[in-house]
Amino acid sequence: MAKVDVLLGLQWGDEGKGKIVDVLAPKYDVVARFQGGPNAGHTLEFDGIKHVLHQIPSGIFRQSTRNIIGNGVVLDPVVFKKEIDSLQKYNLNTRENLFISKKASLIIPTHRLLDQAYEQAKGESKIGSTLKGIGPTYQDKIGRQGLRVGDILSDKFTERFKHLTTLHFKILENLNITYNWPELEVQFLEAVNFLRQFKLVESEYLINQEIKNGSSILAEGAQGSLLDIDFGSYPFVTSSNTVTAGACTGLGIAPRYIGEVFGIFKAYSTRVGSGPFPTELLNEEGELMRKQGNEFGSTTGRPRRCGWIDIPSLKYSIMINGVTQLFMMKADVLSIFPTIKVCTQYKLADGTITEALPYELVNEKITPVYKELKGWNRTLSVKSIHDFPDELTQYIDFLEDQLEVPITLISTGPDRIQTIYRPVSVV
Ligand code: GDP
Ligand code: IMO
Ligand code: MG
C-alpha cells in the first residue's frame, strides 16, 4: 500500500507551499488539495513566468500528475473559471487530469457578501479575512445547510441555490452593504455551467483506489498551522483544519495511510491579516524584510507583516502535525542582515519564561527571548549545500537542533531551480 505524504505550512501561510509542491510533483502521481479555497494564493515560478494558483492544486503544470480538489475544500466556481481561463494558453489538460470532489462545498456569491458584512460589523477587531467567502461557506457546511459541488448536477440545483440565497438575504438585510445581485447571480450561474464540464467525482473512492494501486500521493496544505481553526490564534484564524489531520478528513484517507509530513517554513516569519504575532518587527528591519522578501499577499496584494523566526510556535506546529522533514524557504531574504535573531522562548507579562504557546495568545503580552546569530550578509549564489556560507550552515544547524526534525530542503529563490536538497544528517 502506498502512503500519502502531506506538505503543509507551519506558520501563518505563504511559506512557499506552491513552489515546493511544483518542485516535488514529478515524484508524485497525484497531488490533492484538502482544505481551504480561494483564500489561498500559491505561487509557482519557472521559465521566467510566475503563476499564482488559488484553488487548483500546484501539480497542474506537470503533465503526468493527476490533481484532486478534495471534499474538505470550499470551491468558488467564479474563481475557478477565472483560474482555468488564465491557464488556457499553457495547453494543460485540465479536463482530463483535474478531479473535483462532489462533496466539496460550494462558495456562492452571498457567502462573499456575508464575509464582507461580518468583517465590516467587527470594525477594529476584524479578522483581516481575504473576503473570499471562506468563513460563511464553512459555517453553512457545519450548519448543514450548504450546497456541494455535486448538487450542480441535480435538476433541483437552481431551486436549492435560491433557497439558500433567500436565507442569506435575510441576514444581509440587517447588515450595511450594497451589491448588484442580478450581475452576481448571472456570473455565478455561468461559472456553474462551466464547472459542469469538469470531472466531478467521488474523490474518496478515487484516492483510495490510487492508494491501493500503489500510486504516490502528495496532499497540498493551504494556509498554515497557526491559522488552523482549532490550534491557531483563535479567533484570528481561517475556518478549516489546516493541519495533517485535515488531510484525512478533507480527502477521506485513513490516518494509517499518512506517510511523510513535510513542514514548510520561512527562514523568518510573516503574517497577513490581524492577530497576534510575537516576533513582529514594527521598525525599519521589518520594512527591509518586506521589501527584500517581496512580502505582499498573493491573493489580496496586502503588505505582509514581517518578523524574526519563532521557535516556540514552530515547535507547536511540528507537534500537532507530526512533521518528519522540514523545508526552509527564502533563506536568500536574510542575506541583507548582519545579525539574525531567533526567538527561542517567550517571556510572559508576569515574568514567566516559557516555550509553550499561552492559551491567551491574543490578550497576553509576549516578549520574545532572542538568541542572536551572525548573518552571512552576502548574496547567496549557491548550487549545493557545499557552497553555503558558514553562517548559513550554522543557522540551519541551530534551527535543526532546536526543532529536533531534519531540515532536508533549503530554498534560495522563487524559481523551481533555486532549491537545494540537504541529506539527512541529524536525528
Ligand atoms: P504559499 O501560499 O505557501 O504557496 O506561498 P506564496 O506563494 O503565497 O508566497 C511565497 C512567495 O515567496 C511567492 O512570491 C514565491 O514566489 C516566493 N518564494 C518562494 N520561495 C522563495 C525563496 O526561497 N526565496 C524568495 N526570495 N522567494 C521565494
Ligand atoms: P496560503 O495558502 C496567508 C489569513 C487571512 C486572515 C485569516 C482568515 O496562500 O498560505 P479567511 O479568508 O480564510 O477568512 O482569512 O487567514 N489567510 C491567509 N494568510 N496565506 C493564506 O493562504 C491565507 N488564507 C487565509 O489573511 O488573516
Ligand atoms: Mg500564499
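The values are calculated or read from the model by the stated rules, or taken from the named source; none is laboratory data. Keep in mind that what you see is a predicted model, and the values were worked out from it rather than measured. Neighbour counts run over all protein chains shown; Cβ positions are idealised from the backbone, glycine included. The accessibility values were calculated without ligands, DNA or RNA, using every heavy atom of the protein model including side chains. Shrake-Rupley method; radii C 1.70, N 1.55, O 1.52, S 1.80 Å.
Being crowded, with 22+ Cβ neighbours inside 10 Å, away from ligand 1 (no atom under 13 Å from the Cβ) and part of a loop (DSSP other than H, G, I, E, B) is a property that holds for residue 60. Among the candidates 320, 264, the residue that is open to solvent by less than 40 Å² (accessible area, probe 1.4 Å), at negative phi and in contact (Cβ under 8 Å) with a residue 12 or more places away in the chain is uniquely 264. For segment 123-137, which positions are touching a strand residue (DSSP E or B) at 6+ places or on another chain (Cβ under 8 Å), away from ligand 1 (no atom under 16 Å from the Cβ) and farther than 15 Å from residue 177 by Cβ? If the condition is that a residue be touching a strand residue (DSSP E or B) at 6+ places or on another chain (Cβ under 8 Å), away from ligand 1 (no atom under 16 Å from the Cβ) and farther than 15 Å from residue 177 by Cβ, then 137 is the only one that fits. Looking only at residues of segment 17-57 that are within 16 Å of residue 92 (Cβ to Cβ) and in a helix (DSSP H, G or I), we find that the one that is nearest to ligand 3 (Cβ to nearest atom) is 18. Here is the figure for segment 341-394: residues that are free of Cβ contacts under 8 Å to residues at least 60 places away in the same chain, within 21 Å of residue 419 (Cβ to Cβ), open to solvent by less than 40 Å² (accessible area, probe 1.4 Å) and not aromatic (Phe, Trp, Tyr) total 5.
Restricting attention to segment 267-314, the residues that are open to solvent by 20 Å² or more (accessible area, probe 1.4 Å) and within 16 Å of residue 414 (Cβ to Cβ) total 6. For residue 304, indicate whether it is farther than 18 Å from residue 407 by Cβ, within 16 Å of ligand 3 (Cβ to nearest atom) and touching a Gly at 6+ places or on another chain (Cβ under 9 Å). Taking the combined requirement at face value, the residue satisfies it.
Results for (1) part of a strand (DSSP E or B); (2) modelled with pLDDT under 95; (3) within 14 Å of ligand 2 (Cβ to nearest atom); (4) of a type in the set (Gly, Ala, Ser), shown as yes or no for each residue.
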| residue | (1), (2), (3), (4) |
| --- | --- |
| 298 | no, yes, yes, yes |
| 314 | no, no, no, no |
| 320 | no, no, no, no |
| 328 | yes, no, no, no |
| 332 | no, no, no, no |
| 335 | no, no, no, yes |
| 343 | yes, no, no, no |
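Of the residues making up segment 24-57, those that are more than 12 Å from the chain's Cα centre (by Cα), within 11 Å of ligand 1 (Cβ to nearest atom) and buried (at least 20 other Cβ atoms within 10 Å of the Cβ) number 1.
Is one or more of the residues making up segment 73-82 in contact (Cβ under 8 Å) with a residue 60 or more places away in the chain, within 16 Å of ligand 1 (Cβ to nearest atom) and outside any helix (DSSP H, G or I)? There is at least one residue in segment 73-82 that is in contact (Cβ under 8 Å) with a residue 60 or more places away in the chain, within 16 Å of ligand 1 (Cβ to nearest atom) and outside any helix (DSSP H, G or I).
For beta carbons closer than 9 Å, sequence separation of 6+ or different chains, a first residue in segment 7-23 that is more than 8 Å from ligand 1 (Cβ to nearest atom) and a second that is open to solvent by 10 Å² or more (accessible area, probe 1.4 Å) and of a type in the set (D, E, K, R), the qualifying pairs are 7/260; 12/304; 12/305; 22/45; 22/62; 22/416; 23/416. Screening residue 138 on (1) outside any helix (DSSP H, G or I); (2) touching a residue at least 60 places away in the same chain (Cβ under 8 Å); (3) crowded, with 20+ Cβ neighbours inside 10 Å shows it passes everything except condition (1).
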